[in-house]
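Notes to accompany the following structure.
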Amino acid sequence: MMNIKEMLYSRNLKATPQRLAILNEIIRAGHIDLDTIYKNISKSFPSMSLATVYKNIHTLKEHGIIKELAISGAKNKYEIAEQKPHHHLICKVCGDVIDIEVDTSFLNQQLKELKDFEVSNCDIYCYGVCSKCRNKSDS
Ligand SMILES: [Zn+2]
Ligand SMILES: [Zn+2]
């Protein structure tokens, strides 16, 4: 279990109820877009505007607590930044984002040989159809 308050305090950020609610949504979902976060937490904070949620998300991103995933053809999603390095599989049918740990050392070595390029970090997004959606269309 991640200590959300510690995450905020270690970056000198106040643990406001809004920030805690946003981070809880992100942890619960794994990957989630701004509109869904807003929809889910507006039940607990009916007076909070989308702009306030956006502002908080921006702050959390600026301080490296969350990471933004730029998914082509869909809304950007957010995830907790401090995780084991991983890449993403994106289902074009249901929109699911699946974490995957793959070893990119072979790719990095190829880039070094082909372009004399030294990779410091690498985010892979693979687009396709997840097993749930494939099994559905098979039947
Ligand atoms: Zn799917
Ligand atoms: Zn992820």
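Brief remarks on what is shown
- Subset of region 26-40 (residues that are more than 14 Å from K77 (Cα to Cα) and either at pLDDT below 95 or surrounded by fewer than 16 Cβ atoms within 10 Å (Cβ to Cβ) (or both)): K39
- Count of residues meeting criterion [surrounded by 12 or more Cβ atoms within 10 Å (Cβ to Cβ), part of a loop (DSSP other than H, G, I, E, B) and away from ligand 2 (no atom under 16 Å from the Cβ)] in region 97-139: 2
- Some residue of region 75-88 being more than 16 Å from ligand 2 (Cβ to nearest atom) and either in a loop (DSSP other than H, G, I, E, B) or farther than 30 Å from T16 by Cβ (or both): no
- Evaluation of K84 against (1) at pLDDT below 95; (2) basic (K, R); (3) more than 26 Å from E6 (Cβ to Cβ) (one fails), failing number: (3)
The values are calculated or read from the model by the stated rules, or taken from the named source; none is laboratory data. Only a predicted model underlies this, so the values are computations on that prediction, with no experimental measurement involved. Counting neighbours? That spans all protein chains shown, and the Cβs are built from the backbone with ideal geometry, glycine included.
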